[in-house]
Amino acid sequence: MEFSKIYSRLGIRISERGESFYQGLMESLVHELKTKGFLEEDEGRWIMWGGSEGKDRNPPLTIIKSDGGFTYDTSDMAALKYRIEEDKATWVIYVTDAGQVTHFHTVWEAAERAGIWDRAKVRLDHAGFGVVLGDDKKKFKTRSGDTVKLSDLLDEGMKRAGEKLREKGRDKELSEEEFGAIEKAVAYGCIKYADLSHSRNGEYVFSFDRVRPSFSILFPYFVLPLYFF
């Protein structure tokens with residue numbers, strides 16, 4: 001629900017599927033892989049290799065843990081199978097931090113071995129990005145909640161954009177509706193600029209204060225076209 005609110009604010013449409021969506025698919029996938037002989041038992045767990053043998057071979061996927069549970073390897077392969085067979089996807093782009101590139105390439109190789117993925121028919125790409133760090137230069141930990149929430153960043157952006165507009169006296173020249181539209185355009189535009197001004201593949205040190213300069217730099221470019229349109 002919280003994600004839906006943020007996507008709505010940014011004008012993004014998304015079909016959300018949590019891990020629970022793939023539970024039944026993972027079970028049928030495991031049965032298929034076992035039946036076809038792709039899984040190997042290894043100290044209580046069941047693994048699957050990706051590419052061909054050799055010194056450059058990636059580590060195997062853990063499809064079933066020793067306690068019988070599934071892993072990200074299992075759910076990622078099940079998700080890929082669903083996107084290819086049910087969504088009829090012809091191009092799938094994975095957007096995650098760059099540290100997961102080996103994982104996804106191994107999943108793709110395993111899917112190809114199992115006959116799930118045909119590289120001649122479906123294109124798979126990994127658009128990796130650098131690790132997001134806090135002011136202390138330590139990696140943000142999303143699972144522990146030790147991050148800056150995007151909703152807070154958007155709220156802060158709206159606040160600063162509003163302050164900047166009022167400094168220029170725009171609140172006295174524009175209607176409430178016009179002021180709100182420009183406030184939103186300036187806030188979100190500056191936040192996007194601050195984010196995209198970094199190299200996608202490099203580490204990203206996040207700070208509210210690092211976003212602030214973009215409000216001063218870009219303010220005239222966002223306001224003038226909207227104001228005189």
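So what are the range 20-113's ellipsoid semi-axes, whole angstrom, largest first, if each one is the square root of 5 times an eigenvalue of the alpha-carbon gyration tensor? Intermediate values should be presented prior to the final figure.
On the way: eigenvalues 76, 62, 33 Å².
Over the Cα atoms of the range 20-113, the ellipsoid semi-axes are 20, 18, 13 Å.
Excluding ligands and nucleic acids, what accessible area in Å² is computed for GLU41 using a 1.4 Å probe, to the nearest 10?
GLU41 has an accessible surface of roughly 120 Å² with all protein chains in place.
By the gyration tensor of its Cα atoms, with a ≥ b ≥ c the square roots of the eigenvalues, what is the shape of the range 25-80: rounded for a/c under 1.5, prolate for a/b over b/c, or oblate?
Numbers: a/c = 1.61, a/b = 1.38, b/c = 1.17.
Prolate.
In whole Hz, with x marking every Gly and Pro, tabulate ³J(HN,Hα) for the range 23-32 from phi via Karplus 6.51 cos²θ - 1.76 cosθ + 1.60, θ = phi - 60°.
4, x, 5, 5, 5, 5, 5, 4, 4, 5
Taking 0.36 nm per intervening residue step and subtracting the Cα-Cα distance, what contour gain separates ALA89 from VAL101 on full extension? Numbers along the way, then the final one.
Numbers: separation 12, 0.36 × 12 = 4.32 nm, distance 2.03 nm.
Taking 0.36 nm per residue and subtracting the Cα distance, the gain is 2.3 nm.
Please compare each pair in LYS5/LYS138; LYS121/LYS192; LYS88/LYS149; LYS34/LYS81; LYS5/LYS88 to a cut-off of 22 Å on the Cα-Cα distance and tell me which ones are over it.
Details: LYS5/LYS138 28 Å; LYS121/LYS192 34 Å; LYS88/LYS149 34 Å; LYS34/LYS81 16 Å; LYS5/LYS88 28 Å.
Result: LYS5/LYS138; LYS121/LYS192; LYS88/LYS149; LYS5/LYS88 exceed 22 Å.
Residue separation times 0.36 nm, minus the C-alpha to C-alpha distance between LEU196 and ARG9: what's the value? Don't skip to the end; give the middle numbers.
Details: separation 187, 0.36 × 187 = 67.32 nm, distance 1.86 nm.
Using 0.36 nm per residue and subtracting the Cα-Cα distance, I get 65.5 nm.
The values are calculated or read from the model by the stated rules, or taken from the named source; none is laboratory data. These numbers come from a predicted model, not from an experiment. Ligands, DNA and RNA are excluded from the accessible area calculation, which covers all protein heavy atoms including side chains. Shrake-Rupley method; radii C 1.70, N 1.55, O 1.52, S 1.80 Å.
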